1. When only residues in the range 91-130 that are under 30 Å from residue 270 (Cβ atoms) and among the β-branched types (Val, Ile, Thr) count, which is surrounded by the most Cβ atoms within 10 Å (Cβ to Cβ)?
2. Out of the residues in the range 315-352 that are within 21 Å of residue 487 (Cα to Cα) and modelled with pLDDT of 95 or more, which is farthest from the ligand (Cβ to nearest atom)?
3. Among the numbered conditions (1) at positive phi; (2) within 13 Å of the ligand (Cβ to nearest atom); (3) among the charged types (D, E, K, R), tell me where residue 392 comes up short.
4. Let me confirm something: among 336, 279, 272, 317, which residue is part of a loop (DSSP other than H, G, I, E, B), in contact with a Lys or Arg (Cβ under 6 Å, 6 or more places away or on another chain), on the phi > 0 side of the Ramachandran plot and not charged (D, E, K, R)?
5. Being in contact with a strand residue (DSSP E or B) (Cβ under 9 Å, 6 or more places away or on another chain) and either within 12 Å of residue 199 (Cα to Cα) or of a type in the set (A, V, I, L, M, F, W, C) (or both) is the filter here; which residues of the range 15-35 pass it?
6. Which of the residues that make up the range 61-103 are of a type in the set (Ser, Thr, Tyr), more than 13 Å from residue 6 (Cα to Cα) and in contact with a Leu (Cβ under 9 Å, 6 or more places away or on another chain)?
7. Look at the range 134-153 and say how many of its residues are polar (S, T, N, Q) and over 17 Å from residue 216 (Cβ atoms).
8. Scan the range 362-379 residue by residue and report those that are basic (Lys, Arg) and modelled with pLDDT of 95 or more.
Amino acid sequence: MCGIIGCVGRDGETLETLVHGLSKLEYRGYDSAGVALTGDGETVEISKKAGELDDLRAALEEYAPAGEVGIGHTRWSTHGPPTDENAHPHQDCTGRVAVVHNGIIENYQALRDELATSGHTFRSDTDTEVLPHLVEEGLDSGLDPDAAVRQALTRVDGSYAVAVVVAGVDAVFAARNDSPLVLGEDDDAVYLASDVPAFRDFTDRVVYLADGEFARLDGEGWTVTNIDGETVEKTVDTVDWDPEEAGKSGYDHFMLKEIHEQPRALRQCLRGRVEELGGNIEVGDLGDLSPTGVQFVACGTSYHAALYGAQLFQQAGIPAQAFLASEYASSPPPIGDALVIGVTQSGETADTLSALREADKRGARTLAVTNTVGSTAARECDHVFYIRAGPEIGVAATKTFASQLAALNLLVLAMAGGNARDIVPALRDLPGDVQALLDDSNAEAIAEVYEDSSAYFFIGRGYHYPVALEGALKMKEISYKHAEGFAAGELKHGPLALVTEETPVFAVVTGDGESARKTIGNVKEVEARNAPVVAVTDGASEVERYADHVLRVPETHPRAASVLANVQLQLVSYHVAKRLGRSIDKPRNLAKSVTVE
Ligand code: M6R
């Protein structure tokens, strides 16, 4: 996920407007940033820098591109580490064209090879750089800039929001396919951005582009056309968020926004990795690792993902264990030739890094499953697999957990084979299933009923056990209330003593097999002690008979059901915490990235 900004007008303040917009988009990516402006010169003027926006600001003190028409970008790396060269905007061979892009170009390698063969010189490792060279080809063949951009995009497979400027042309050309792009207008200027906050300080009048639409922004305003060049009539909407709130796109908290971003995060994780028809999984060289044993190391939410991952490998016949990273070094397990997998959203968690280093010291091969390109885990491990969830601002991990579970499914299928046929369609349907659940969730009403409870318990079995742990972690982290997750079968071995009329028990039960039947037995034990039961279920079993409330999830494969059940539990925790007036995005005592052991 990256942030795009574009601007035409602003009477001598285009550069400042772009930088201001980038500061509002930093939550979408913050490992490098850049701007490109066009004036009367024969080339586009560019400044770009690896690092935070302040690094770009410092560079602009030295050299400030001039022009009335410009584009900018803040990056979250997907192809290539965060360096000056990989920062956007990217240019063609002549310097006439500059492009910023958010998304993933799946066929970039083939395009790059083709363009290189016909003499184009590449300066970065990014997928994006094929675009300016394709536009250059179009211009060289006599097309006007608008047609050259259109033609370039017909060559590209994947997702994109792009903005293009061409030297000597007072316009920004933009298009979207499966990545957000919105236009803004005021009396003096027109804007485009990945998200409204980028220009919300200047205007509340916005136009949302749809997939397959092209936009031209110039001194006359904006026009939107379809793929065939026909004009599309668009509605100008008025946003009613104040600029302060706008970074959350109208959501009250980043956590809620990120819960709602899960369909998109999952799509990004799966894109280009699951071959729809044959069910083949594409994870590059990782598919060749063929581990004979797997040890996971992770903390917090990522540890819960690791527990789930260990079950996946076990089911595929590969011995696997999940370790709390902070415990790994004090009692190191025999390593043999196991693959040690560090699951870490940030890639910077000190405990996880330390466990991975310990494994490396003992001769193990290491793999980082992370969200953060260029992070320490990504750099230090022998291999890396990105979950591609996009930046997560809320301290509570939400969309990254969903993406970790999806990514682990891909890894186990690629490394251990197994029966892909049944899980692949479920993975493919998962983004849509999460969306359906989000559209119809009654979690807020459940939170209202139980906001005053003295404690909350969560139970699950098999793939739903990590979800029970995660449900409890989320609840305690943001509501500051006592919450515990248990393997459903363990309840009767002690925790049942805690269960009272004051303690709702959230039971995750999907399907109608042996696992569901046994968990229903545990639910009956709870019910007999008069504790309220909230069943998180797809309705396939009779658990609802013993439940006071139901949180519904779509019917699907049990592994995918865990992701869905967790979304309902995230929502319950969120609404309990909100009703209690907690600091949801920055809970007390906690940090997003824990870089001390
Ligand atoms: O960045 P990591 O995934 O390594 O972080 C690990 C934990 O600190 C993290 O998952 C933490 O438990 C979450 N903030 C909980 O929501």
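The values are calculated or read from the model by the stated rules, or taken from the named source; none is laboratory data. Computed from a predicted structure; not experimentally measured. Glycine also receives a Cβ, built like all others from the backbone with ideal geometry; neighbour counts cover every protein chain displayed.
1. Applying the first criterion (under 30 Å from residue 270 (Cβ atoms)) to the range 91-130 yields 99-116, 122, 124-130.
Cutting the leftovers down to among the β-branched types (Val, Ile, Thr) gives us 99-100, 104-105, 126, 128, 130.
Values: 99: 30, 100: 32, 104: 20, 105: 25, 126: 24, 128: 27, 130: 28.
Result: 100.
2. Initially, the range 315-352 is screened for residues within 21 Å of residue 487 (Cα to Cα), giving 315, 319-325, 327.
Checking which are modelled with pLDDT of 95 or more leaves us with 319-325, 327.
On the way: 319: 24, 320: 19, 321: 18, 322: 13, 323: 13, 324: 11, 325: 8, 327: 14 Å.
In this case the residue turns out to be 319.
3. (1)
4. On the way: 336 fails: in contact with a Lys or Arg (Cβ under 6 Å, 6 or more places away or on another chain); 272 fails: in contact with a Lys or Arg (Cβ under 6 Å, 6 or more places away or on another chain); 317 fails: in contact with a Lys or Arg (Cβ under 6 Å, 6 or more places away or on another chain).
So the residue among 336, 279, 272, 317 that is part of a loop (DSSP other than H, G, I, E, B), in contact with a Lys or Arg (Cβ under 6 Å, 6 or more places away or on another chain), on the phi > 0 side of the Ramachandran plot and not charged (D, E, K, R) is 279.
5. Step one: filter the range 15-35 for residues in contact with a strand residue (DSSP E or B) (Cβ under 9 Å, 6 or more places away or on another chain), giving 15, 17-35.
15, 17, 18, 19, 20, 21, 22, 23, 24, 25, 33, 35 - these are the residues of the range 15-35 that are in contact with a strand residue (DSSP E or B) (Cβ under 9 Å, 6 or more places away or on another chain) and either within 12 Å of residue 199 (Cα to Cα) or of a type in the set (A, V, I, L, M, F, W, C) (or both).
6. Quick first cut of the range 61-103, residues of a type in the set (Ser, Thr, Tyr) only: 63, 74, 77-78, 83, 94.
Then keep just the ones that are more than 13 Å from residue 6 (Cα to Cα); that gives 63, 77-78, 83, 94.
Passing the criteria: only 94.
7. Of all residues in the range 134-153, those polar (S, T, N, Q) come to 141, 151.
From what is left, the residues that are over 17 Å from residue 216 (Cβ atoms) are 141.
Residues meeting the conditions: 1.
8. Applying the first criterion (basic (Lys, Arg)) to the range 362-379 yields 362, 365, 379.
Correct list: 365 only.
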